[in-house]
Structures are given as structure tokens and as C-alpha cells.
1. Provide a single number: the residues in region 176-222 that are more than 23 Å from Asp160 (Cβ to Cβ) and of a type in the set (Asp, Glu).
2. So which strands (runs of 3 or more DSSP E) stay within region 24-132 end to end and still have 3 or more residues that are on the phi > 0 side of the Ramachandran plot?
3. From the list Ala241, Ala204, pick out the single residue that is within 21 Å of Val23 (Cα to Cα) and either in contact with a Cys (Cβ under 8 Å, 6 or more places away or on another chain) or at pLDDT below 90 (or both).
4. Which strands (runs of 3 or more DSSP E) does region 166-226 wholly contain that include 2 or more residues that are in contact (Cβ under 8 Å) with a residue 60 or more places away in the chain and of a type in the set (S, T, N, Q)?
5. Looking at this structure, is Ile83 at pLDDT 95 or above and either surrounded by 14 or more Cβ atoms within 10 Å (Cβ to Cβ) or under 20 Å from His199 (Cβ atoms) (or both)?
6. Filter region 152-173 down to the residues that are of a type in the set (Gly, Ala, Ser) and either under 13 Å from His123 (Cα atoms) or crowded, with 23+ Cβ neighbours inside 10 Å (or both) and list them by number.
7. For region 39-80, what are the residues that are surrounded by 18 or more Cβ atoms within 10 Å (Cβ to Cβ), closer than 11 Å to Lys12 by Cα and either in contact with a Lys or Arg (Cβ under 8 Å, 6 or more places away or on another chain) or without any contact (Cβ under 8 Å) to a residue 12 or more places away in the chain (or both)?
8. So in region 133-159, with the set limited to residues that are over 17 Å from the mean Cα position of the chain (by Cα), within 12 Å of Asn101 (Cβ to Cβ) and not in a helix (DSSP H, G or I), which one is modelled with the lowest pLDDT?
Amino acid sequence: MSKLIEFCDVVKKFNGIPVLNGVTFSVEKGEVLCIVGPSGTGKSVTLKHLVRLLTPTSGSITVDGVDVATCSDDELVKLRDRIGYLFQGGALLAWMTVAENVALPLEECTKLPDREIAVRVRHALRAVELVDAADKYPTEISGGMQKRAGLARAVVRESDIVLYDEPTSGLDPVTSITINRLIKKLNKELGITSIVVTHDLQGALAIADRILLLKGGKAVECSTPAEFTQSQNPDVREFLAAMKGETL
């Protein structure tokens, strides 16, 4: 595999206080990288840098060799076309049906004919096993189904990179397993490169190719699930011990 995404010594300060403090890691094309760590350690901030919702105070972030922070507006548009983003709350519009929500990125950002949009929406809904809910409104479906609808919207533009911000937050264990299974399914079937920010360590161990631990604004470990659970890094051991009662 080849490196698709690279963070190199990334620092991000808010009001002079570093949230990211020299973060360095890479993501291989086609892999699932799960980012874990204590609350407030910069996990979601890391994701936002990839689509230039935030820019680093120093350091660099590249996607396929393109520097995200300094690329032109045209390059940024092309980059964002490649990236799907599943927000923590699903972010569905209540006055639109599931199908209309999923179609929104295609209607706003492409010139595809209605027939092609309909085909892509149905394909995306089928991928997340939600075809039967196409004509329902967000308030008429469960939280897990809302997350799946958000996931369909994230991949409907045939993105090759998808960013997941706490995809199982607020879901029961059974529904969380379903969401994690779908993330891995899309990764395998569509060749999507996935970055998953999560508090669900059990889920991360199940779906990740590698797990990145952030602590104190730094990347302190990035290894396979098997290596992660056996790591002798004190920060990893402390994290696993803290999570043991909840997830292991």
C-alpha cells in the first residue's frame, strides 16, 4: 500500500494553547485507521484539518501529495470532492426524506441529471442497507438508521476517502456493531480509505487496520489492533486500563 494521507509535525493552537502539539502519522490507501484517545485530545480537530475546516498553526497535511493548507481553491474543491464526512450527529435535514438528504451533495455540487442522481442515491442506500427507509423523514427512523443515512450521504459522491466523527456515539451496542460492520463493508467493497474518530475501543479493535492513540496533542502509538493491545507503551497501557471496564 502507498501513503495517501500524511500529517507531519502538525501543531494547532487555539488562543495560544496547543490542542495538536506535533502530530505525525500517515494513512495508507485503502486502510481503516481508527483514532482513539481521551476527550479533548484533538481527535475531531485532526479530522477537520483534512477538509480545511481548520488550518494548522505549523506543520503540513498532504492528501495524495497535495498540501491541504496551502493548495489553491480549485485544488481544495477537487480534494473535497474526494472526501465524504460523517458528522457525529448525522446532520440530516428534518424537512427532507432520507433519499432527499442523501441526494443533497449531488444536487448542490454536481450537474448530474435527476435520473443519475436517483440511481446513485439508491446505490448508496443499498450499500448501507436502508433502501426501505428512502421515503421516510429523519424523525421517523431510529438513531442508528439516521447514522446509516448520514453514511450513505457521505459516500454517494463515490468518495474514496471517508471521515467518521464518532459514528457510534449515543447508539446501543447492537446498533454500534451494525455501524462498524458497515464501515468495514464499505472499506472492502468500495475500496474506501477510512479515518474513524471513536470512543468505541471494542469497535476500533474489530474494524481497524491500525489504531492511532492521541494523548496530550501527540500521536503516541500507531499500530495494528493486535500490537496495540500488547503494546508496552505506558500511555497505551494506561488508556487500555482506563477503558477496560467499559469495552474489554
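The values are calculated or read from the model by the stated rules, or taken from the named source; none is laboratory data. Owing to the predicted nature of the structure, the values given are computational and were not obtained by experimental measurement. Don't worry about glycine lacking a Cβ; one is built from the backbone with ideal geometry, like all the others, and counts go over all protein chains shown.
1. Summing the residues that are more than 23 Å from Asp160 (Cβ to Cβ) and of a type in the set (Asp, Glu) in region 176-222 gives 2.
2. Ranges flagged: none.
3. Residue meeting the stated conditions: Ala204.
4. The qualifying strands (runs of 3 or more DSSP E) are 193-197.
5. no
6. Scanning region 152-173 gives Ala152, Ala154.
7. Gly42, Val45, His49, Leu54, Pro56, listed by residue number.
8. Selected residue: Ile141.
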